[in-house]
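Below: one structure, written as structure tokens.
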Amino acid sequence: MTAPAIELNGISKAFGPVQANKDISIRVMPGTIHGIIGENGAGKSTLMSILCGFYKADAGEIFINGTLTPIPDSQAAIRAGIGMVFQHFKLVQNFSVLENIILGVEEGALLRPSLAKARKELQHLADEYELRVDPDALIQDLSVGHQQRVEILKALYRKAQILILDEPTGVLTPAEADQLFRILERLRAEGKTIILITHKLREIMHITDTVSVMRRGQMTDTVKTKDTNPQQLAEMMVGRKVLLRVDKAPAQPGANVLEVDNLRVTDDDGVDRLKGISLNVRAGEILGIAGVAGNGQSHLMQVLGGITPGTGTVLLNGQELDLTGKSSDGRSRRKRGIAHVPEDRQHEGLIMDFSAWENTVFGYDDDPAYQANALLMDNGAIRAETAAKMERFDVRPPDPQLAAKNFSGGNQQKIVLAREIERNPDLLLVGQPTRGVDIGAIEFIHKRLVELRDAGKAILLVSVELEEILSLSDRIAVMFDGQIMGERLPGETDEKELGLLMAGVREEAA
Amino acid sequence: MSKMPKWADIVLIPLINLMLAFALSALVILAIGEDPVEALILMVKGSFGSTYGWGYTLYYTTNFVFTGLAVAVAFHAALFNIGGEGQAQLGGLGVALICLYLPWPHWSLALLGAMLGAAAFGAAWAAIPAWLQAKRGSHVVITTIMFNFIAAALLNYVLVNLLRPPRAQDPSSAKFPEVTHLPTLHDILSPLGISFSKSAPANITLFLAIAACFGVWLLIWRTRFGYQLRAFGKSEPAAIYAGISPTRIIMITMLISGGLAGLMAVNNVMGEAEKLVLNATEGAGFIGIAVALMGRSHPFGVALAALLFGFLYQGGAELALWTDIPREMIVVIQALVILFTGALDNMLRMPLERVFLALRSEGK
């Protein structure tokens with residue numbers, strides 16, 4: 001029997017009082033794809049950082065191909081044939097692909113021989129794994145999917161036999177993700193060992209051979225993928241039964257809350273981002289916008305949220321909104337009853353260095369209830385209100401003084417939701433409500449959105465997760481290239497049909 | 001969770017940095033053949049050993065509190081106002097015009113008038129770079145530096161050609177009228193039976209500086225504008241999402257910052273010189289940057305850091321007076337303090353964080 005490509009034996013790692021990894025043992029056979037899933041903070045990234053030499057384990061042993069291999073630093077990891085593809089790429093944007101590939105492994109004082117060698121090797125790799133990238137293209141001109149290929153090529157150029165990918169599809173479109181999976185299958189066929197870290201159950205089921213589940217720093221179990229199912233994996237991750245489908249009654253839609261007609265946006269570079277959008281959202285219904293990221297959904301949310309200007313007509317409860325930005329901004333939209341959970345939680349929705357209580361009044365800080373007198377804010381009252389909100393939205397830990405950056409992704413999102421939903425808006429704009437959010441929190445967030453709908457509010461939902469769109473929406477509009485490709489009812493469509501619309505194929509043509 | 005206790009971050013690290021700066025300074029003094037211990041004693045005695053020394057130390061401290069606060073306020077909005085020097089010089093012009101050309105019945109009213117003039121001129125000088133930043137995207141670091149030079153040239157012209165009394169030789173304004181002279185610490189303390197040096201320049205502006213510290217603290221952490229200012233400083237996209245206008249924040253913040261820098265002139269022009277002279281600020285605007293860095297942009301920290309630099313200024317003057325250590329050596333010591341407390345701040349932070357982590361895991 002062959003030795004495992006990787007064998008971890010009793011790995012433990014603590015950061016101060018926090019036990020990030022506790023007595024973890026796994027074996028990954030060569031030529032397989034091994035998934036590691038777990039909620040945010042379960043210890044997945046710590047474990048992989050130990051394998052890559054970024055952290056040193058407090059205890060435990062690492063065997064590579066059957067030999068005990070200590071990995072004190074990242075150079076040792078490269079020597080052991082381990083390559084890592086990070087969630088956030090480590091590429092020099094204005095360097096070419098070739099230059100990025102040889103970065104750190106240049107041979108000799110002159111660049112030219114190294115570049116020539118890399119070019120040849122790159123051609124070789126491209127033929128072998130069908131990993132095609134233009135070697136002379138600048139990174140900044142490449143799509144995200146191609147940038148990721150460069151990262152994989154970098155690892156292969158360094159003779160990696162074991163590839164670790166950390167949440168590789170988080171930034172990819174569905175089509176790009178499919179391409180990535182084909183590449184991974186090809187690599188597996190060539191005998192490479194792949195470790196895939198993700199929290200997406202679908203990917204695990206789709207591509208892995210074996211899967212390990214982590215929870216609170218410990219390895220809950222390792223199973224063969226074909227012997228398990230998403231429901232079971234979710235339970236192992238969270239430690240209790242989880243509702244993967246959203247439980248909701250049929251919508252009782254009322255009058256139109258939002259009416260958008262011929263909405264157009266041109267960005268600073270003169271590119272048309274919205275090319276005449278028309279849609280409506282009624283009270284008591286969720287309109288889901290499906291689409292591959294970057295097809296104008298973000299611009300739609302930003303115009304409606306008062307962040308960027310546009311042209312066209314937008315009516316809220318029959319009253320026209322100012323789209324020029326001259327007499328409107330995020331604040332005036334809120335006053336009109338539009339709440340906005342932005343797509344980019346970390347840069348827009350929250351101020352990461354601010355405490356939870358400072359974040360729960362963000363955008364609403366002109367409310368007289370938050371003023372102690374004409375000059376000063378009533379910080380005590382805000383803190384008390386925040387504590388109550390955190391209780392109602394099950395934010396953990398329920399500490400209003402804690403900075404936003406110290407909460408997990410799910411709890412950060414709950415803070416944003418608590419702020420926006422509890423204002424009782426007529427219309428809620430929600431962008432990527434569960435991006436980077438763990439399964440337990442997803443269930444809670446979905447429940448809250450449905451509750452708001454049932455309270456007779458209108459919700460405009462933008463998400464790149466088709467599953468989320470399908471299970472939450474009462475109607476689905478598909479966006480492609482700044483246009484609405486069509487509307488469907490979730491019960492009368494499927495991922496395949498939506499996928500075609502998302503790719504810009506109209507039914508008449510298909 | 002933070003890696004270090006708060007006290008270590010706020011107290012321990014600046015203290016160790018300071019010690020390192022002083023240790024290196026001692027080596028330099030040794031190298032030129034002088035006795036560092038003697039030098040230190042002389043500096044401490046010269047700045048804290050008498051009410052005369054205190055009077056000068058506190059006078060410098062007052063200057064640095066204003067310029068330090070000016071930089072600190074702008075820092076919270078992620079604006080780096082390097083123009084404190086020019087804004088303080090313009091503040092001096094405001095003070096001079098108010099004191100020279102308005103008939104004041106009493107010093108207290110003149111003080112109020114001068115404060116308004118100083119703040120208004122300082123703020124106006126900051127307003128142009130602020131507007132350029134907000135509307136044209138011209139980086140405020142570059143423009144405020146350039147405005148320092150423009151301010152110096154402007155003051156030169158105004159003093160030589162406009163404010164200089166006829167037939168006077170030096171480029172300075174006429175002496176301000178007697179009624180505008182501010183009470184010194186001697187004047188304030190002697191009715192209370194405390195004797196304080198009559199010739200030291202520290203004056204009532206010191207209390208104004210203390211009040212300014214408290215005011216800035218309130219502004220930053222207790223008012224809605226302060227909240228928006230900090231939000232903008234931490235994340236501009238988030239501020240725009242919330243409906244906070246970047247233009248408004250940049251303009252108002254820079255006006256406050258420039259106003260604070262301008263207020264320094266009440267101390268040095270009205271309180272000390274009692275006339276406007278060329279280069280009245282003597283670099284205090286630049287010291288303000290170091291003071292704000294060392295004080296972590298917190299008004300209390302700014303006050304402490306200002307006191308430290310007040311000590312260095314006064315102690316340094318004494319050193320040059322009584323020893324063979326050249327005046328330039330003081331600049332070296334000040335530079336080392338700035339280098340260690342400002343620029344090299346992170347050098348110590350990482351190893352110390354590791355020490356605290358190790359201590360914590362052992363204590364478990």
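The values are calculated or read from the model by the stated rules, or taken from the named source; none is laboratory data. Remember, it's a predicted structure, so these values are computed and weren't measured experimentally. Ideal geometry is used to build each Cβ from the backbone, glycine not excepted, and the neighbour counts take in all protein chains shown. Protein only, heavy atoms only, side chains kept; ligands, DNA and RNA dropped before computing areas. Shrake-Rupley method; radii C 1.70, N 1.55, O 1.52, S 1.80 Å.
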- Query: If you take the residues of the stretch A:467-500 that are among the basic types (Lys, Arg) and buried (at least 17 other Cβ atoms within 10 Å of the Cβ), which of them is farthest from residue A:260 (Cα to Cα)?
  - Reply: A:488
- Message: I'd like the residue in the stretch A:335-357 that is more than 7 Å from chain B (Cβ to nearest Cβ) and farther than 25 Å from residue A:464 by Cβ and, out of all such residues, is surrounded by the fewest Cβ atoms within 10 Å (Cβ to Cβ).
- Response: A:335
- Residue, least open to solvent (accessible area, probe 1.4 Å), within the stretch B:192-217, restricted to residues that are without any contact (Cβ under 8 Å) to a residue 60 or more places away in the chain and under 19 Å from residue B:50 (Cα atoms): B:193
- Query: From B:58, B:30, B:15, B:24, which residue is buried (at least 19 other Cβ atoms within 10 Å of the Cβ) and of a type in the set (A, V, I, L, M, F, W, C)?
  - Reply: B:58
- Query: Does any residue of the stretch A:209-227 turn out to be more than 28 Å from residue A:12 (Cβ to Cβ), among the polar types (S, T, N, Q) and open to solvent by less than 80 Å² (accessible area, probe 1.4 Å)?
  - Reply: no
- Failed condition for residue A:396, given (1) without any contact (Cβ under 8 Å) to a residue 24 or more places away in the chain; (2) of a type in the set (Lys, Arg); (3) open to solvent by less than 60 Å² (accessible area, probe 1.4 Å), with all others met? (3)
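If you take just the strands (runs of 3 or more DSSP E) that sit entirely in the stretch A:254-335, which of them hold at least 2 residues that are among the small types (Gly, Ala, Ser)?
A:272-282, A:285-290
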- Task: Would you check if there is a residue in the stretch B:251-261 being free of Cβ contacts under 8 Å to residues at least 60 places away in the same chain and more than 16 Å from residue B:59 (Cα to Cα)?
- Result: yes
- Go through the residues of the stretch A:382-405 one by one and say whether even a single one is within 11 Å of another protein chain (Cβ to nearest Cβ) and over 26 Å from the mean Cα position of the chain (by Cα). yes
- Failed condition for residue A:129, given (1) crowded, with 16+ Cβ neighbours inside 10 Å; (2) of a type outside the set (Asp, Glu); (3) modelled with pLDDT of 85 or more; (4) out of contact with any strand residue (DSSP E or B) (no Cβ under 9 Å at 6 or more places or on another chain): (3)
- Report yes if some residue within the stretch B:313-336 is among the β-branched types (Val, Ile, Thr), more than 18 Å from residue B:126 (Cβ to Cβ) and open to solvent by 50 Å² or more (accessible area, probe 1.4 Å); otherwise report no. yes
- Query: Within the bounds of the stretch A:10-19, is there any residue that is within 14 Å of chain B (Cβ to nearest Cβ), assigned to a loop (DSSP other than H, G, I, E, B) and open to solvent by less than 40 Å² (accessible area, probe 1.4 Å)?
  - Reply: yes
- Yes/no for residue B:221 being touching a Pro at 6+ places or on another chain (Cβ under 6 Å), within 14 Å of another protein chain (Cβ to nearest Cβ) and surrounded by fewer than 24 Cβ atoms within 10 Å (Cβ to Cβ): no
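Tell me which residues, restricted to the stretch B:262-279, are assigned to a loop (DSSP other than H, G, I, E, B) and of a type outside the set (A, V, I, L, M). Steps first, answer last, please.
We begin by selecting, within the stretch B:262-279, every residue assigned to a loop (DSSP other than H, G, I, E, B); these are B:274-279.
Correct list: B:274, B:275, B:279.
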- Message: Within the stretch B:241-261, take every residue that is in a helix (DSSP H, G or I), open to solvent by less than 10 Å² (accessible area, probe 1.4 Å) and not small (Gly, Ala, Ser) and give me the one that is nearest to the other protein chains (Cβ to nearest Cβ).
- Response: B:241
- Collect the residues in the stretch B:101-133 that are under 20 Å from residue B:246 (Cα atoms) and open to solvent by less than 20 Å² (accessible area, probe 1.4 Å), keeping them in residue-number order. B:123, B:126, B:129, B:130
- Note on the structure: All conditions in (1) at pLDDT 95 or above; (2) surrounded by fewer than 23 Cβ atoms within 10 Å (Cβ to Cβ) are true of residue A:281 except (2)
- Item | Among (1) more than 25 Å from residue A:37 (Cβ to Cβ); (2) modelled with pLDDT under 95; (3) open to solvent by less than 20 Å² (accessible area, probe 1.4 Å); (4) of a type in the set (A, V, I, L, M, F, W, C), the one test that residue A:441 misses | (1)
- Filtering the stretch A:23-62 for residues that are more than 14 Å from chain B (Cβ to nearest Cβ), modelled with pLDDT under 90 and open to solvent by 50 Å² or more (accessible area, probe 1.4 Å) leaves a count of 3
- Task: Return the only residue of B:358, B:273 being within 14 Å of chain A (Cβ to nearest Cβ) and out of contact with any Cys (no Cβ under 9 Å at 6 or more places or on another chain).
- Result: B:358
- Flagged in the stretch A:116-126 as of a type in the set (Gly, Ala, Ser), surrounded by fewer than 18 Cβ atoms within 10 Å (Cβ to Cβ) and either in contact with a helix residue (DSSP H, G or I) (Cβ under 7 Å, 6 or more places away or on another chain) or farther than 14 Å from residue A:152 by Cα (or both), in numbering order, are A:116
- Please indicate, with yes or no, whether at least one residue in the stretch A:469-479 is of a type in the set (Val, Ile, Thr) and within 30 Å of residue A:383 (Cβ to Cβ). no
- Message: I'd like to know if the stretch A:467-477 contains one or more residues that are assigned to a helix (DSSP H, G or I), of a type in the set (S, T, N, Q) and within 22 Å of the chain's Cα centre (by Cα).
- Response: yes
